[in-house]
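The values are calculated or read from the model by the stated rules, or taken from the named source; none is laboratory data. Model, not experiment: these values are computed from the prediction. When the accessible area is computed, the model is the full protein with side chains, heavy atoms only, and any ligands, DNA or RNA have been set aside. Shrake-Rupley method; radii C 1.70, N 1.55, O 1.52, S 1.80 Å.
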Amino acid sequence: MPVRRIEHASSDRRRLLSLALAAGCGLVFGAARPAAAAGVMRRLRFDNIHTGEQLSAAYWQNGHYLPEGLREIDHLLRDFRTGDVLAIDPRLLDLLYRLRRQLMYHGPIHVISGYRCPATNAMLAARSKRVSKTSYHMRGMAIDIRMPGRPLPELRDAAIVLGMGGVGYYPESDFVHVDTGPVRFW
Ligand SMILES: [Zn+2]
């Protein structure tokens, strides 16, 4: 019965789709829509709360990272204490991009801390037990952020659901740490 087979196939597809949606849209956003992704540009907006700098930069288009956009973002996320710049892990930008989509947030991401050179990180780690001596900030793989208008617990939960790396919750300092290291949270 060809008709019945078609019905089965279509109900399987529906089930797969709802499973993908239940998984936090990760599958749908990721590899499942290559045709729709073609031509799409990924842009991020940042406010660096220490330097007052603002940036809106496109960093990815048509399956490729855009060197100019990456350079601008690297500069904004530099170690503001020393001026040192390191290439930021593009996967961290994808994580932020997906986080914004998940939260339907269109404003600028407020940056509390991006890259930290080893001297800066050592200084901060000496001051606070909550700063790791081997922090992913030193590898351009971590950022501390807040999104004005979005409660901090909501930001933390969305980052945990994404499952793209580490998530640290710092309500006393009003930021969430995300990194592209192993999936874990604290
Ligand atoms: Zn951090």
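The table that follows gives values for the structure above.
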read-out	value
For residue 112, residues with placed amide H under 5 Å, excluding near neighbours	144, 145, 146
Within the accessible area of region 64-105 (1.4 Å probe), percent carbon and sulfur	55 percent
Among beta bridges that DSSP assigns inside region 93-186, antiparallel share in %, nearest 5	85 percent
Computed lengthening from residue 123 to residue 54, 0.36 nm per intervening residue step minus Cα-Cα distance	22.2 nm
Per residue Cα convex hull volume in Å³ - calculated over region 48-186	108 Å³
Average accessible surface area per residue within region 105-186, 1.4 Å rolling probe, Å²	46 Å²
Surface share of carbon and sulfur [accessible, 1.4 angstrom probe, percent] for region 129-186	58 percent
